[in-house]
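Enquirer: Have a look at this one.
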Amino acid sequence: MTNKSKWLGFIFVVPFLVSFLVFWLIPLLYGIWISLHDFRLSVGNNGFIGLKNYVDILTPDTIYNRTFMTSLKNTLMFIVLSVPPLILISLGLALLIEHLPKKLKTFFRTVFFLSYSISVTAVSAIYLWLFGANGGYINNILMKAGLISSPINWTGDQPYAWLVIVIATIWWTIGFNMLLFVNALDEVDGTLYEAADLDGASAWNKFRFITLPEIRNISIFVMITTVIASFNLYGQSLLITRGGPEQSTSSLIMGINTTVFGNNQLGVGSAMALLMGVIMMLITGIQYWISYKSDKDDLAKPSRKERKRLKRAVNAGPTNVNQHPAATIDKKERKIT
């Protein structure tokens, strides 16, 4: 490689390095520095206090501990409620779209992705109108159908508040996951399905033994990014339920926002944000480790059926393991005769 090529490559890398430093590394280091100081929005830095902000957050029954633990519990509840449908429904939509003709496939892929381009403010306005307690569209439909006798306070009572937030989030963001799955399904080798058809495999067996293994990596990626995105819950719960009822839908970011702008504690808020980042990294690391271990075990250990087939092949002597062993076939033929 010539010096000119090296300099040309370095020039292409410079924008990434500048963005990495300006938008990630410097804010991270500055946030760590603030979290170690008694930093307030109104008066600025009151001096270095070490790990006191972290101790206050993690000490039970303090105001910052209650704020952090309550919002963390609510965020984890949202992740449990929203991540499975965001993955399963998007995969189902991708499978439906994959079997459509090419022109319809493009149309429906665009339709389902369209909601992802809408702002959270517009999404919240739509769902406030749909699930309004007084004159809301859903309440009117249910009352006319005779399913309820009085309006439901969808955004003011539990578990309805979580239900509205989860439905709004699924409708809003499912297009992104669906698009990733559609692209992954496009990459599956069609000859595998043709071979399965010749063997008479059912649709479920083709999905289980061909589709799922082929899209395994993108499924893990979707799961990890969906969990990370769910940690960032803010707009929906702020605009639809305002964190209620009784702070039961207040997310971690809402708790950090309240600590910084409501309690004037920028140092404590920075410490909360860093703890949130550590929790996200731990959960993501566990997900990655489980998927890596599962993948490694699958490669290391053949299935029971495969082990039986290999054992029969070995007992039959030198033969092609991809074919039925000659001794086994002879035994079956002897039984028939």
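Enquirer: Are there any pairs, at least 6 apart or on different chains, whose C-beta atoms fall under 7 Å, with the first in segment 42-56 and within 21 Å of Gly277 (Cα to Cα) and the second open to solvent by 80 Å² or more (accessible area, probe 1.4 Å) and part of a helix (DSSP H, G or I), and if so, which?
Expert: Cβ pairs passing all conditions: none.
Enquirer: Which residue out of Ala201, Ala161 is in contact (Cβ under 8 Å) with a residue 40 or more places away in the chain and either open to solvent by less than 30 Å² (accessible area, probe 1.4 Å) or more than 30 Å from Ser71 (Cβ to Cβ) (or both)?
Expert: On inspection, the qualifying residue turns out to be Ala161.
Enquirer: On to the next question. Being open to solvent by less than 20 Å² (accessible area, probe 1.4 Å) and either free of Cβ contacts under 8 Å to residues at least 40 places away in the same chain or of a type in the set (Lys, Arg) (or both) is the filter here, so list the residues in segment 251-283 that pass it.
Expert: Hit for segment 251-283 is Gly269, nothing else.
Enquirer: So how many residues does segment 96-125 have that are part of a helix (DSSP H, G or I), surrounded by fewer than 15 Cβ atoms within 10 Å (Cβ to Cβ) and not aromatic (Phe, Trp, Tyr)?
Expert: Residues that pass the stated criteria total 12.
Enquirer: So which residues in segment 130-156 are within 27 Å of the chain's Cα centre (by Cα) and either crowded, with 17+ Cβ neighbours inside 10 Å or modelled with pLDDT of 90 or more (or both), if there are any at all?
Expert: Keep residues of segment 130-156 that are within 27 Å of the chain's Cα centre (by Cα), which gives 130-131, 154-156.
Those that are within 27 Å of the chain's Cα centre (by Cα) and either crowded, with 17+ Cβ neighbours inside 10 Å or modelled with pLDDT of 90 or more (or both): Leu130, Phe131, Trp154, Thr155.
Enquirer: How many residues does segment 26-66 hold that are among the hydroxyl-bearing types (Ser, Thr, Tyr), within 30 Å of the chain's Cα centre (by Cα) and open to solvent by 80 Å² or more (accessible area, probe 1.4 Å)?
Expert: Residues in segment 26-66 being among the hydroxyl-bearing types (Ser, Thr, Tyr), within 30 Å of the chain's Cα centre (by Cα) and open to solvent by 80 Å² or more (accessible area, probe 1.4 Å): 1 in total.
Enquirer: Under the condition of being of a type in the set (A, V, I, L, M) and farther than 22 Å from Leu274 by Cβ, which residue from segment 220-237 is least open to solvent (accessible area, probe 1.4 Å)?
Expert: Looking at residues that are of a type in the set (A, V, I, L, M) and farther than 22 Å from Leu274 by Cβ, I get Val222.
Enquirer: Then there is this: Using the structure shown, decide if Leu180 is open to solvent by 30 Å² or more (accessible area, probe 1.4 Å), over 30 Å from Met272 (Cβ atoms) and not aromatic (Phe, Trp, Tyr).
Expert: Considered against the rule, which asks whether it is open to solvent by 30 Å² or more (accessible area, probe 1.4 Å), over 30 Å from Met272 (Cβ atoms) and not aromatic (Phe, Trp, Tyr), Leu180 comes out as yes.
Enquirer: Take segment 112-129 and flag every residue that is closer than 20 Å to Met178 by Cβ and under 21 Å from the mean Cα position of the chain (by Cα).
Expert: Phe112, Phe113, Leu114, Ser115, Tyr116, Ser117, Ile118, Ser119, Val120, Val123
The values are calculated or read from the model by the stated rules, or taken from the named source; none is laboratory data. Because the structure is predicted, anything quoted here is derived from the model rather than measured. Virtual Cβ from ideal backbone geometry, glycine too; neighbours counted across all protein chains shown. In case anyone asks, the SASA skips ligands and DNA or RNA and just uses the protein heavy atoms, side chains included. Shrake-Rupley method; radii C 1.70, N 1.55, O 1.52, S 1.80 Å.
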